[in-house]
Amino acid sequence: MFNDFKLTDDRPVYIQVKDYLKRLIIKGSLQADQKLPSTRELGLLLAVSRNTVISAYAELEGDGFVYAIQGKGSYIVAASAPPAAAASSCEIDWQSRINGYARQAVELDRMKRGIRADKSVISFTSISPDENLFDLDNVKRAFLDRIAKEGGVLLNYGYAKGYKPLIDYLLKYMEQKGVDLSGKDMLITNGFTEAFDIVMSALRRKDGGSVICENPTHYTAIKNLRLNGFDITGIPMERDGINLTELERALTERAYDCAYFIPSYHNPTGIVTSPEKRLAIMQLMARHRIPVIEDGFNEELRYSGSHVSPLIATAGQGNGVIYIGSFSKVLFPGIRVGWVLADSRLIDCLESIKRARSIHTSTLDQSVLFQYLYNGNLEKYLKKARTHYKRKYEWTKHCCEMHLPYKRLSGDGGLHLFVEFDECFDTTALLNECSGQGVIFTPGDMFYTDGGGRHTMRLGFSRVPDDDIGKGLEIIGQTAKQQMR
């Protein structure tokens, strides 16, 4: 015994010894009231110091696995129930137990079924920020500043509505975007996805309901809409945003419970809806009395041109827009903080749903984000990020124009470009060929609400080195041309 102990990681050695002995006790290799070797003897057997064993024995005694008799040594505590009294083995057929919601979640989980890429593969699938840009020093400073000011409070339970200093900051931030805050309030969430799901659960009817949106649109939104039972009507995109003629026609044909729009750096097309079209959209929605869910996706990653006000600003004092924002694509997606800005009566309901589901968003995460923003780091970081991503955007666009036999290329900024080939082309078949050559991307059909888009693809460039962008797009282009022949 004791000859199979190995140091396996960089944790303190006494913790590894404690865990090793605990496993032996739980497995029954060490019996109740059995005397453990002396600390010096076990130290020799495990090739660790005597002080390490003394610390491990003390930890085991504190955990209730060992008791000490003064002058005699340490002994194993008797288990509360002998192994013979353990429950008989039970095998559940979980496939027969899970409900339709769970089955649909699995069916819609494209990420789980996606191609797993190792480090040698050139991957255009991600539209996450480049971690090499992360402002680690100022994040550390923000963490230490906030811990010094509030200490243990941040590690305790927080409020379902959110961390008040962050809410106050974000309300002013949204006001600076031109939003009229009259009658509005805010809820902090675990990023966009939880915010969207909470809103959907508050708006859905027993039969789900109906929603109108751009086509294509954000796949996470499509997935959550379907999981919440919504029937989706997608309206085609034009170069400056949604097709207004088709939108108006659809609105006259049936009633909708809500609309979902991504007006800035639309996912997946990258299109920025023009100011004129934004106003026209809001006039149509007001006429038909349809609430709008606005996804503030990538709004800050503007590379050129003037600021375009969000839809919620265009709505003025009206309360028909539910704005969902986050800094996940701009700052740090690992800090899962998003927000919902909407009519205060709706926020009151959403707060109760949030409390029932997850109690609150991590107060520590919220406080660190607040301090980082309060310290004035966002503006400096955005300046650096825009310069970095603009260069990558222009290089990727140039490489697409040089290598890809596309019919249409869209993307006004942000972290991705959208490519459309002739309608008879199949980008899933293209992906299969390219993956064998070490290049992958996201086929566009997953973003379409009507099963279309098999001739499209999304290219995320944010985390791809410049040389790989050129090399990867050359491979995609050559393979596409071969398939076209």
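The values are calculated or read from the model by the stated rules, or taken from the named source; none is laboratory data. All of these numbers come straight from a predicted model, not from anything done at the bench. Because the Cβ atoms are built from the backbone with ideal geometry, glycine has one as well, and the counts that use them run over all protein chains shown. SASA here: full protein model, heavy atoms, side chains in, ligands and nucleic acids out. Shrake-Rupley method; radii C 1.70, N 1.55, O 1.52, S 1.80 Å.
Structure values in brief
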| item | result |
| --- | --- |
| Hull-based mean projected area of segment 88-193, where the convex hull spans the alpha carbons, in square nanometres | 14.6 |
| Rounded tilt (10° steps) of 466-484 against the dominant C-alpha axis of the chain | 60 |
| Backbone HN-Hα couplings from phi across segment 9-20 [Karplus 6.51/-1.76/1.60, Hz, Gly and Pro as x] | 8, 9, 5, x, 5, 5, 5, 5, 5, 4, 5, 4 |
| Interchain or long-range residues, amide H under 5 Å from Ile293's placed H | Ala259, Tyr260, Phe261, Ile322 |
| Stretchable slack from Arg205 to Ser128, in nm (0.36 nm times residue separation minus alpha-carbon distance) | 24.4 nm |
| Reachable lysines from Lys354, criterion Cα separation under 21 angstrom, eight or more residues apart if same chain | Lys161, Lys164, Lys184, Lys206, Lys223 |
| Lysines whose Cα lies under 25 Å from that of Lys397, excluding same-chain neighbours fewer than 8 positions away | Lys119, Lys329, Lys383, Lys384, Lys407, Lys471, Lys481 |
| Per residue accessible area in Å² of the chain, where ligands, DNA and RNA are left out and the probe is 1.4 Å | 49 |
| C-alpha long axis of helix 363-374 to longest principal axis of the chain, angle in ° | 50 |
| Percent carbon-and-sulfur accessible area, segment 121-179, ignoring ligands, DNA and RNA, probe 1.4 Å | 55 |
| Residue (of Ala32, Tyr448, Ile147) at the positive-pole extreme of the chain, dipole from beta-carbon charges | Ala32 |
| Simple spin-label estimate for Ala32 and Tyr169 in nanometres, 7 Å along Cα-Cβ | 5.6 |
| For the chain, convex hull volume per residue from C-alpha positions, Å³ | 213 |
| Exposure ranking of His403, His307 by accessible area [1.4 Å probe, largest first] | His307, His403 |
| Potential extension, Asp231-Asn156 segment - 0.36 nm per residue separation minus Cα distance | 22.9 nm |
| Arg391 versus Asn51: modelled label distance in nm, points set 7 Å from Cα along the beta carbon direction | 5.0 |
| Sequence-separation-based contact order of segment 431-475, relative, with Cα cut under 8 Å and 6+ spacing, percent | 32 |
| Relative contact order of segment 241-310, pairs being alpha-carbon contacts under 8 Å that are 6 or more residues apart, as % | 40 |
| Square roots of 5 times each gyration tensor eigenvalue, C-alpha, segment 158-205, largest first, Å | 21, 15, 10 |
| Between 0 and 90°, nearest 10: helix 244-253 axis offset from the chain longest Cα axis | 80 |
| Estimated inter-spin distance, Asp118 and Asp9, nm [label 7 Å along Cα→Cβ] | 2.4 |
| Cys90, Cys258, reordered so the largest accessible area comes first (probe 1.4 Å) | Cys90, Cys258 |
